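The values are calculated or read from the model by the stated rules, or taken from the named source; none is laboratory data. Everything quoted here is computed from the prediction, not taken from an experiment. Methodologically, a virtual Cβ is constructed for each residue, glycine included, from the backbone with ideal geometry; neighbour enumeration extends over all protein chains shown. Note: areas computed on protein heavy atoms with side chains; ligands, DNA, RNA excluded. Shrake-Rupley method; radii C 1.70, N 1.55, O 1.52, S 1.80 Å.
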Amino acid sequence: MLNQLYDCNIWENIFVNFKKNHPFQRNKIKDYNNIINTKKYIEITDKIISRNYLFSLPKKLEINKLDTDKKKTVFLFSAQDDFLLKVFSSLLTDSFSYLISPNCHSFQRNKGAKTAFKSILSDKNLNKKSVFKTDIKNFFNSINIEDFLSSLPTQISDNKDVMFVLRSVLLNNKVIYNNNIITVKKGLMAGSPIAPFLSNLYLYDIDQYFANQQITYARYSDDIIFFDYEQNIDQHIDFLEKKLNSKHLSLNYTKTCKLEPSEKWTFVGFTYNQGEIDISKATQMKFKRKIKRLSRRYYKLKTKKELSDKQTLSLFINKINHKMLGKNFDSNDLCWSRWFFPLINTSKSLKNIDKFIQDRLRYSVNGRYSKLNFKRTPYSILQKLNYQPLTKLFYLFKLDYEKFNKIVQNLNYSLQTYKQSN
């Protein structure tokens, strides 16, 4: 498998995707490009094949979580090792994705949070079943590496080339932290390119237990949810806890709940309440925080560059349209509206978000909240500047998709204006 590392096209594909998804990581883009242009990937592959490649020590970083005092630990490799591990992870996925249980939906092509949620909805008796929802505490970094390596399926463990890379990366417990070399138990290392695929493999036996029992179940990384009749659900909870304990993992009890059939539940950004599907409160708040930061940003831009109200609003609305409808307004764009609209069946959250967006648009022109904002920036002005309320777009999406696409495609989106906003 590792002979494929000699193929420039594989490195090119990873580079193009990274550049598209992370356009502002200019230093890493430059480093990746240099590895391709100088054909250094050939030298790297030679050393991998001959077992002479030495991976650099990853840096351990503690990053603040949004709106909490808690921190999460991630590990970052050098640009060269990061690029190599991205390519290696892609090869692993291409070669061994069939070893991942079908009811695991994380970090895979053509799968994700939406497919996880949709798989649950296929249960016609969903409303009659109790719910258990949880996540695994510090999942990636708590995985015992010796146990993980010994649990790998033979298709991987018998591949000496693959195992050389995995052992080289995972068995070295030394990391760089605050410019010092220290020894830590780092597990699969959240933040490393290989962690997502490997974490999917590690809980295969748990995923398959629920599949074999024909239990409605879905896992997205460390988030787990399952459904069964009240008299059965405790035995599944007991199995899950014991199995995780055997793997030196534990449930995060602050995010764990058992619910009755009539109770509302939330999973991967969606809320389900007796057939009504909406955007979860946590996801709404996350989006509102982004809009709030943008409104402050555009007010500062207005003050600094002495922009008119119209110029400021135009920039802000174009930015919102980009987030909501996609960069190119293409029907294949993975964007906010096309992510949520297909699954939700109510506009309750959208009405709330629309009001918030309009308030923050008005804030961007004078930097404060006031009833006078409505007089200074009436809704008619927002409309003229191509503001599109989500509620209206949602109903068009559901009832007249052709018209929805036409409105989206006809939006006067100026790429030059958008660049100025960045």
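Scan segment 252-288 for residues that are surrounded by 14 or more Cβ atoms within 10 Å (Cβ to Cβ), within 22 Å of the chain's Cα centre (by Cα) and under 20 Å from Tyr217 (Cβ atoms) and jot them down.
If the condition is that a residue be surrounded by 14 or more Cβ atoms within 10 Å (Cβ to Cβ), within 22 Å of the chain's Cα centre (by Cα) and under 20 Å from Tyr217 (Cβ atoms), then Asn252, Thr256, Trp265, Thr266, Phe267, Val268, Gly269, Phe270, Thr271, Tyr272, Ile277, Ser280 are the ones that fit.
Looking at (1) charged (D, E, K, R); (2) open to solvent by less than 50 Å² (accessible area, probe 1.4 Å); (3) under 26 Å from the mean Cα position of the chain (by Cα), which is the only condition Lys185 fails?
Here Lys185 meets the rest and fails (2).
I'm checking my understanding of the structure. Among residues of segment 45-63 that are of a type in the set (A, V, I, L, M, F, W, C) and over 15 Å from Thr73 (Cα atoms), which one is most open to solvent (accessible area, probe 1.4 Å)? Spell out how you get there, then give the answer.
Our first condition is that a residue be of a type in the set (A, V, I, L, M, F, W, C); within segment 45-63, this holds for 48-49, 54-55, 57, 61, 63.
Then drop every residue that is not over 15 Å from Thr73 (Cα atoms), which leaves 48-49, 54-55, 57.
Details: Ile48: 2, Ile49: 56, Leu54: 151, Phe55: 32, Leu57: 46 Å².
Here the residue is Leu54.
Pick from segment 188-235 the residues that are open to solvent by 40 Å² or more (accessible area, probe 1.4 Å) and part of a strand (DSSP E or B): which of them is nearest to Leu259 (Cα to Cα)?
It comes out as Asp223.
Inspect all residues belonging to segment 113-126 and state whether any of them is under 30 Å from Ile35 (Cβ atoms), assigned to a loop (DSSP other than H, G, I, E, B) and not basic (Lys, Arg). Step through it out loud before you land on a result.
Quick first cut of segment 113-126, residues under 30 Å from Ile35 (Cβ atoms) only: none.
Scanning segment 113-126 turns up no residue that is under 30 Å from Ile35 (Cβ atoms), assigned to a loop (DSSP other than H, G, I, E, B) and not basic (Lys, Arg).
Filter segment 240-251 for residues that are touching a residue at least 60 places away in the same chain (Cβ under 8 Å) and either open to solvent by 30 Å² or more (accessible area, probe 1.4 Å) or assigned to a strand (DSSP E or B) (or both) and give the result.
Narrowing segment 240-251 to residues touching a residue at least 60 places away in the same chain (Cβ under 8 Å): 240, 244, 247-251.
Answer for segment 240-251, where residues must be touching a residue at least 60 places away in the same chain (Cβ under 8 Å) and either open to solvent by 30 Å² or more (accessible area, probe 1.4 Å) or assigned to a strand (DSSP E or B) (or both): His248, Ser250, Leu251.
Filter segment 75-94 down to the residues that are under 23 Å from Val268 (Cβ atoms) and open to solvent by less than 20 Å² (accessible area, probe 1.4 Å) and list them by number.
Our first condition is that a residue be under 23 Å from Val268 (Cβ atoms); within segment 75-94, this holds for 89, 93.
Within segment 75-94, Ser89 is the sole residue that qualifies.
Output the number of the condition that Arg297 fails; it satisfies all remaining conditions of (1) basic (Lys, Arg); (2) surrounded by 14 or more Cβ atoms within 10 Å (Cβ to Cβ); (3) in contact (Cβ under 8 Å) with a residue 60 or more places away in the chain.
Status for Arg297: all satisfied but (3).
Just need a number here: residues in segment 95-104 that are open to solvent by 10 Å² or more (accessible area, probe 1.4 Å), assigned to a loop (DSSP other than H, G, I, E, B) and in contact with a Phe, Trp or Tyr (Cβ under 9 Å, 6 or more places away or on another chain). Can you show your working first?
If we filter segment 95-104 for residues that are open to solvent by 10 Å² or more (accessible area, probe 1.4 Å), which is where we start, we get 95-100, 102-103.
When the remaining residues are screened for being assigned to a loop (DSSP other than H, G, I, E, B), the result is 100, 102-103.
Narrowing further to those that are in contact with a Phe, Trp or Tyr (Cβ under 9 Å, 6 or more places away or on another chain): 100, 103.
Within segment 95-104, residues that are open to solvent by 10 Å² or more (accessible area, probe 1.4 Å), assigned to a loop (DSSP other than H, G, I, E, B) and in contact with a Phe, Trp or Tyr (Cβ under 9 Å, 6 or more places away or on another chain) number 2.
Residues in segment 344-377 that are open to solvent by less than 20 Å² (accessible area, probe 1.4 Å) and under 18 Å from Ala113 (Cβ atoms): how many?
Result for segment 344-377: 2.
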